[in-house]
Amino acid sequence: MTGSDDFILDLLQSRGIVSEEQVAEAREHAQLGGTSVLDALVLLKRVSEEEVLHMVAAEYGMDTFDFSADVKIPSEVIAAVPPDVARRYRIVPVMRNEGTLTVAMADPSDLEALDSIRYILRTDVEGVVASRKAIDRALDYYYGNTGDSVESFLEEMTEGTLDISEVATTDVTTETSEEEDDAAPIIRLVSLIILEAFRTRTSDIHLEPMEKRFRVRYRIDGCLHEVENPPKYLQNSILSRLKLMAGMDLSEHRVPQDGRIQVPAMGRELDLRVSDIPCSHGESIVMRILDKSSVMLGISELGFLTDDQETIIKIINFPDGIFLVTGPTGSGKTTSLYSFLHTLNQPTRKIITAEDPVEYELSGINQVQINAEINLTFAHALRAMLRQAPSIIMVGEIRDTETGEIAINAALTGHLVFSTLHTNDAPSAITRLIDMGIKPFLVASAVRAIMAQRLLRRLCKNCREPHQPTPDELEALGMRLEDLGEMNFMMGRGCSECTGGYKSRMGIYEIFILDDSIQSLIYSKADAGQIRNRAIQLGMRSLRQDGLRKAAAGMTSLEEVIGSTVGEEVE
């Protein structure tokens, strides 16, 4: 955002763009998600970033500048401002006209910066307003990314300009002094691995000892990408450093260990869940970067189309019953459940969750950490939770008959229960519960709705372009070209703002609401195929059908839909 946050908030309220209640809501959201109040207002769709830019620019009598437009700034204009000056004042020169240099800046209230630039460059300077993110991207594009990186650091080590010392015991930070950097390069290297992962929107960092190399991979939008690998001889030092930061036993190399790391990065606190497991050539470590903002999304931001949004809102406002979310590991079930709870989280409701582990702390919600070592299982936690008179319960996963029966009894006694199951589609959850040993009449009476989901990569809006389905794609879909009608498919070309044409992920969903006819099938112990056929007759869309709708809307690609729904037919 631009300018002083408080000043901009006052402007927004004085002009009636946002209300005092909306600002209060954004403040609460900002505290939960670790963002600014202005960013929270944009995230909540109370105001757009463009509205803020135009409003602030008008207040200071300036124009706005759009870096995303198809404009190439001439090299002679860029050369008019030295890189150190551009970065120091966070400005980008965009045009020169009759001796006046126009620069894009994020903070138009910083008139001293304009005066300083005029003095340094000995020329007349005018300002235009652009977003801070656009300024930073333009600085990297036109002046090069001078920030420290794992690759450049490893080059220094290869050239012999740094000595490798023993692993230090101080906490990692992105703001170490030059003396600390030289004395403890392992600290700096580990810090850079984490920081670069955060910069590239990585969800998991994988450090894997191979026979002759030490492989580092980042999972970005669900796909693993190998990055610059540290030398094999640094393997033990890096792993020891990470185990120390995660609070693990440094002397234990034979059994798996778990831990957590908290590090400051780019003005915010990162929380990482660390898993260590012994392998053939050393210990493999995976670090999951836990980003609270990713689970504080509204329902619309998960990828639901309008009709499915209405269905989900109807389901989560049921007074009682069980709502199950199914799918394989990594399909976004936790994010969906947290978003539902975030939507329902009101002072008039008491919400309790039982989780293993509690990955994200949610304000206003009572969260119980499952601990099998002290016999605090899902079943025991669920029994205790019912004595707390909750309105809504979330059970991380129904893993056994006991947990399932207690959850069903809770639903039958007036509670709304959210939980997850590992099944490939929604109707299969019914037979899975019965296979656990839960009586069919209990399942039929308690389960209100089931949702299966997968995560697909979103196409980058900056570089997506029309795509004609290939014969292989049509064959995989079981369709002919004439069957596609007016569908307009897209494919990402790839640009500086995305990874291979994709940026972020969204869900595709199969939503199944039980009615009397489904209950009758359950009573008669019908198999999953019969239940599925009846669900489709009632209007349930399959995962592939939902994916095809979103591909036709240009949200994702056919390649993603086909890859994530293998074996499904389009009815």
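Look at region 476-505 and say how many of its residues are at pLDDT below 85 and outside any loop (DSSP other than H, G, I, E, B).
Of the residues in region 476-505, 7 are at pLDDT below 85 and outside any loop (DSSP other than H, G, I, E, B).
Could you tell me whether region 439-448 includes any residue that is over 30 Å from Phe318 (Cα atoms) and in contact with a Phe, Trp or Tyr (Cβ under 7 Å, 6 or more places away or on another chain)?
If we filter region 439-448 for residues that are over 30 Å from Phe318 (Cα atoms), which is where we start, we get none.
No, because not a single residue in region 439-448 is over 30 Å from Phe318 (Cα atoms) and in contact with a Phe, Trp or Tyr (Cβ under 7 Å, 6 or more places away or on another chain).
In region 386-410, which residues are more than 14 Å from Asp356 (Cβ to Cβ) and either within 31 Å of the chain's Cα centre (by Cα) or open to solvent by 70 Å² or more (accessible area, probe 1.4 Å) (or both)?
Result: Arg387, Gln388, Ala389, Pro390, Ser391, Ile392, Ile393, Glu402, Gly404, Ala407, Asn409.
Residue-by-condition table, conditions (1) among the aromatic types (Phe, Trp, Tyr); (2) in contact with an Asp or Glu (Cβ under 6 Å, 6 or more places away or on another chain); (3) farther than 30 Å from Ser339 by Cα:
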residue: Pro209; (1), (2), (3): no, no, yes
residue: Arg217; (1), (2), (3): no, yes, no
residue: His225; (1), (2), (3): no, no, no
residue: Asn229; (1), (2), (3): no, no, yes
residue: Met245; (1), (2), (3): no, no, yes
residue: Asp258; (1), (2), (3): no, no, no
residue: Val274; (1), (2), (3): no, no, no
residue: Cys279; (1), (2), (3): no, no, yes
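Residues are listed down the side, and each one gets a yes or a no for (1) free of Cβ contacts under 8 Å to residues at least 40 places away in the same chain; (2) among the aromatic types (Phe, Trp, Tyr):
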residue	(1), (2)
Met451	no, no
Arg454	no, no
Glu465	yes, no
Gly478	no, no
Glu497	no, no
Tyr502	no, yes
Tyr509	no, yes
Ile531	no, no
Arg534	yes, no
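Would you pick out the residues in region 511-555 that are touching a helix residue (DSSP H, G or I) at 6+ places or on another chain (Cβ under 9 Å), part of a helix (DSSP H, G or I) and of a type in the set (Val, Ile, Thr)?
Across region 511-555, the qualifying residues are Ile518, Ile522, Ile531.
Any idea which residue in region 336-362 is farthest from Pro390 (Cα to Cα), counting only those that are in contact (Cβ under 8 Å) with a residue 60 or more places away in the chain and assigned to a helix (DSSP H, G or I)?
So the residue we want is Ser336.
If we scan region 363-377, do we find a residue that is open to solvent by less than 50 Å² (accessible area, probe 1.4 Å) and either modelled with pLDDT under 90 or in a helix (DSSP H, G or I) (or both)?
The answer is no; no qualifying residue exists.
For region 331-340, check the following and say yes or no: at least one residue is modelled with pLDDT of 90 or more and surrounded by fewer than 19 Cβ atoms within 10 Å (Cβ to Cβ).
no
Given the conditions (1) surrounded by 18 or more Cβ atoms within 10 Å (Cβ to Cβ); (2) modelled with pLDDT of 90 or more; (3) outside any strand (DSSP E or B), report the number of the one that Glu283 does not fulfil.
Only one criterion in (1) surrounded by 18 or more Cβ atoms within 10 Å (Cβ to Cβ); (2) modelled with pLDDT of 90 or more; (3) outside any strand (DSSP E or B) is unmet by Glu283, namely (3).
Of the residues Ile430, Ile406, only one is over 26 Å from Lys350 (Cβ atoms) and of a type in the set (A, V, I, L, M); which?
Result of the check over Ile430, Ile406: Ile430.
Residues in region 80-91 that are of a type in the set (Gly, Ala, Ser) and either in a strand (DSSP E or B) or under 10 Å from Tyr142 (Cβ atoms) (or both): how many?
Residues that pass the stated criteria total 1.
Which members of region 112-157 meet the condition of being outside any helix (DSSP H, G or I), open to solvent by 70 Å² or more (accessible area, probe 1.4 Å), out of contact with any Lys or Arg (no Cβ under 9 Å at 6 or more places or on another chain) and modelled with pLDDT of 80 or more?
Within region 112-157, Arg122, Glu126 qualify.
Output the residue which, of all residues in region 438-454 that are touching a strand residue (DSSP E or B) at 6+ places or on another chain (Cβ under 7 Å) and buried (at least 22 other Cβ atoms within 10 Å of the Cβ), is farthest from Thr423 (Cα to Cα).
Step one: list which residues in region 438-454 are touching a strand residue (DSSP E or B) at 6+ places or on another chain (Cβ under 7 Å), which gives 446-454.
Among the residues that remain, those that are also buried (at least 22 other Cβ atoms within 10 Å of the Cβ) are: 446-447, 450-454.
Numbers: Ala446: 18, Val447: 15, Ile450: 11, Met451: 10, Ala452: 8, Gln453: 10, Arg454: 12 Å.
By that ranking, first place goes to Ala446.
What's the total number of residues in region 272-286 that are farther than 19 Å from Ser191 by Cβ, touching a helix residue (DSSP H, G or I) at 6+ places or on another chain (Cβ under 7 Å) and among the β-branched types (Val, Ile, Thr)?
Residues that pass the stated criteria total 0.
With the condition kept exactly as written, say whether any residue in region 308-322 is more than 29 Å from the chain's Cα centre (by Cα), in contact (Cβ under 8 Å) with a residue 40 or more places away in the chain and open to solvent by 10 Å² or more (accessible area, probe 1.4 Å).
yes
For Arg96, indicate whether it is surrounded by fewer than 18 Cβ atoms within 10 Å (Cβ to Cβ) and either outside any helix (DSSP H, G or I) or among the hydrophobic types (A, V, I, L, M, F, W, C) (or both).
yes
The values are calculated or read from the model by the stated rules, or taken from the named source; none is laboratory data. All figures in this text were calculated on a predicted structure; none of them were measured in a lab. Note: ideal-geometry Cβ built from the backbone for every residue, glycine included; neighbour counts use all protein chains shown. For the accessible areas, the whole protein counts, side chains as well, though only heavy atoms, and no ligand, DNA or RNA atoms are used. Shrake-Rupley method; radii C 1.70, N 1.55, O 1.52, S 1.80 Å.
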